[in-house]
Each structure stands twice: as structure tokens, then as C-alpha cells.
Amino acid sequence: MNYNGKKIAVLGAGESGVAAALLLAGEGATVTLLDSAAPDRLRSVAEKIAPHNISLLAGTAADDDPSRYDLGILSPGIDPSAQLVRNFTRKQTGLIGELELSFSLCGKPVIAITGTNGKTTTTELVATMLNGSGIRTLAAGNISPAFAAIVRKCHELDAVTLEVSSFQLEQIREFRPKIALWLNLTPDHLDRYASMEEYRNAKLRIFENQTPDDFAVVNARDELPALKARKITFSAMKTGADFGLNNGIISHHGTPVLNMSSTKLHGLHNAENLMAAMGAGLAMGLKFEQMTPPLCAYEPLPHRCERVGVLHGVDYVNDSKATNIDALEKALLSESRPVVLIAGGKDKGFEFDSITPLVAKKVRHAVLIGEMSDRIAKCWGGVVRCEKAGSLENAVEAAQAASRPGDVVLFSPGTSSFDMFKNYADRGNQFRKLIQSIASHENT
């Protein structure tokens, strides 16, 4: 695609939007970056784009911009129903996402990973595995950096490995991954989507432009429509898939290929992440003896079942990346010890009742925070003792008081963080600091 000389608007001045604006300016486009935030909140953005002759409109000037453009680029974090977007679409100008823009300029095969949970870990696993096997790639997309930020490096790569969200897939046209990974689908983002069907349909667009020459690596537990691409299936819970799990050993068509104990990962969710990564490796023509050494060397990312300390015989686990029910469920299933659970956060439009039987089995005390605390307490109050805390610090104090030697205090919110924190990483970092602070005071 040739963007030289085009007048293009980029909606949203977050990481993806700024990266898209810089990429387009480098392609010779006349670029305006628009964001609903007040101008004083975008000073750092203004400084970054100023040397590249990119205009910036902020606040009401962006929301009510009367200008006409040849094309608009929508950042994934911007809700299509926002005034900023509605003002733009009323002009009937074409609109694509940053994912589509970057794909049109990349020119390299793309491995795209989507799913409600496990995207980041699997994206990192795939990138680690490919680079360790001699296939040059970078991990980008929803994982950061934005796809647009690495497009100019694509000529140095053999493939691009992308974490892809439903938000990013909403505005695609020709985006076609050579290998598409579908990890799972559970309730999430129902504050943006009207129904699970709408959320599922957005995710399913990852397969939309694939052909029989492409691959779809999919979780056998999920019922998907007929796909054009060649399928590779996996499941840690359902028999009959190409990849399966038995007694902690991952097999391919019944032949053992990887012992989970030789990796730094644990739990059924990570077994499936590893299977999906190996499925991508097979699609890239790799042998298992090439894949397994880098997979075993992979270090898990922070905030996903991350052990952050031990106090008086109690393990403290940071699972702040659990931003939905399924992630919380996987964390509980991975624990064999009694759990003191810290959960709750932003109201995303779903209920917590689906895991009440599991909570009754695994949790002996729940400390609840955030917007969802009252609703969760009503849901679980009949099966476990629940108490509410007004802050994360108070929640940690309550969990510490309720725990006994041999327990695990699991910080697995089960929903997003924006009611109290900047993001899940900020939430997890604060939890880790609290535990480390308690430990340091007790050791002095």
C-alpha cells in the first residue's frame, strides 16, 4: 500500500496510535493525531511527534474536528462508539486499524496469537522458540511494542510474532496471518461488546483471510466454524487433539515431546500455551528437538502466577494478569494448597458465579477489592468467608491475618484494574512491593 501524499488521521494517542502516526509520516503521509484527552495530558506525545511534522488535536478540538481525510487509523484502545470515532465515521471516510496498516507495510509472514488468556505468554514462547531455532522474529502487537513500531525492522526478520486482541481485529480488511493461534475463549470485555457472540465474532476474524496454504493452531475444547487453513489442535483437558497432556508430559499424536517439569512453567494453562507454541513451530517446519531447548529456557513473565515471597510459611503469588474469570479459574486449579484469595476490581459486565463451586473447593478465605467486591461477596458468601477491603494494602493485611503456614495467598483479581490502578502491571507491582516491604520490616 502506498500512503505517500495521503492525508491521514490517526485516532488515539496511545502507544499504537503514536507508532502508527510515526510510521505514516515516514511513508510520506500528511498525518494528524487526534485524541479526546485534554492537551496538557498529551505534552509528552506532542514533544515526540513534533520533529516529524505530525499535527496533534486534543480534547474537544479532536472530538469535533471538521477536517476531511483520505483515511483514518483507529487505535485498538479507542471504543468505536466514542465521540471521537463517531465524528469521524459520519464523514464516511475509510477506517482501518493499526494492525491492518502495519500488515500492509510489513511484507513478512505473520504468526498471530489470540485468545482470552495466555496471549502474552504464548507470544513470548513462540518468539523465544523461533529465535532459539534460528528463525529471526520479534514479538510485538498487543504485547508491546506496537506492530507499527517494528515495521521498519521487518526486512531483518524471517517472520513477525504478534499478540492480537479482539479490539485490533475489529478493523481488519486484508490482514492474513500465515499461522493463527486460537488459545481459548471465555467471558471478557463485556463492557465493550454487547454479548459473548459479538466478542467471539471479533476474535474469529483472525481466520477470515486465511487460505489452505495457511495454518490454524486451535484449542480442541472450543467449537469453531469451518476453517480454510490447515488445523493443528491441542488441549490439556480433552482427548483426541494433536497435542495432549498426560501426567505432566505433553505428547504429539501420543508420542511424548516435552515434560512440563523440565520447563519453568506450571499449570494446565501453561501446558496449553506450550502446546500452542509447538504447534506454531510445526507449522514453521521445526522439529521438536529444535523447539524444546528454548522452550525449557523460557523465563515466565511477571504478574502471572508469580511467586513474590514467603512470610511465616505462607507463599504469596502475584497473578495480577488474571483480568477475567477464566484466568482466575486456571490459577485456582493450579493450586493444591489451601488458598486465601484476593480478588475483585473493575466491573466488566460479567458475573463470578460460574466458579463458585471451585471457590468452595479451593478457597477458605476471600478478601475482595474494587467495584466488584459487593457482587462477588453476594456470589461467594454462601460457600466461603468473604471480607471487603478498601485498598490493596488493607487486602494484604487481611489476607496475612487469615492465612496459616502451608497456605498460599493468591492475588488473582479475575477482572481488570482500571478502577484502582493504571493497569494490571501497576496492580501487580504494588502487590509485590507490599509483600517485599513486609518481609524487609520483619527481617530488620
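Each reported figure results from applying straightforward, stated rules to the coordinates on display, with no laboratory input. Note that the coordinates shown come from a computational prediction; the quantities given were computed from them, not determined experimentally. Methodologically, a virtual Cβ is constructed for each residue, glycine included, from the backbone with ideal geometry; neighbour enumeration extends over all protein chains shown.
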Just check the stretch 306-442 against the gyration tensor rule for me: Cα atoms, a ≥ b ≥ c as the square roots of the eigenvalues, rounded for a/c under 1.5, and otherwise prolate or oblate depending on whether a/b exceeds b/c.
oblate
Fewest-first sequence of His155, His52, His303 by Cβ atoms within 10 Å of each Cβ
His155, His52, His303
Given all pairs of distinct Cα atoms, the chain yields a Kirkwood Rh in Å of 23.1 Å
Pull out a ≥ b ≥ c, the square roots of the eigenvalues of the alpha-carbon gyration tensor of the stretch 7-93, then state rounded if a/c is under 1.5, prolate if not and a/b is larger than b/c, and oblate in the remaining case.
oblate
Would you give the gap between the C-alpha center of the stretch 180-222 and the C-alpha center of the stretch 57-75, rounded to a whole Å?
30 Å
Under the rule of -39500 (n - 2.57) per DSSP H run of 4 or more residues, summed and divided by the residues of the chain, what mean residue ellipticity at 222 nm is obtained, to the nearest 500 deg cm²/dmol?
-9500 deg cm²/dmol
Would you list Met1, Met260 from fewest to most Cβ contacts within 10 Å?
Met1, Met260
Ranking request for peptides 363-375, 308-320: highest mean number of other beta-carbon atoms within 10 Å first, then the rest in descending order.
363-375, 308-320
Shape descriptor, the stretch 44-102: equivalent ellipsoid semi-axes (Cα gyration tensor, sqrt 5λ, whole Å, largest first) stand at 19, 15, 12
List the relative contact order of the chain as a percent without decimals, with contacts defined as Cα pairs under 8 Å and 6+ residues apart.
11 percent
Mind jotting down the distance between the C-alpha centroids of the stretch 263-317 and the stretch 224-258, whole Å?
17 Å
Could you order the peptides 335-341, 166-172, 37-43, 209-215 from most to least packed, using the average number of other C-beta atoms within 10 Å per residue?
166-172, 335-341, 209-215, 37-43
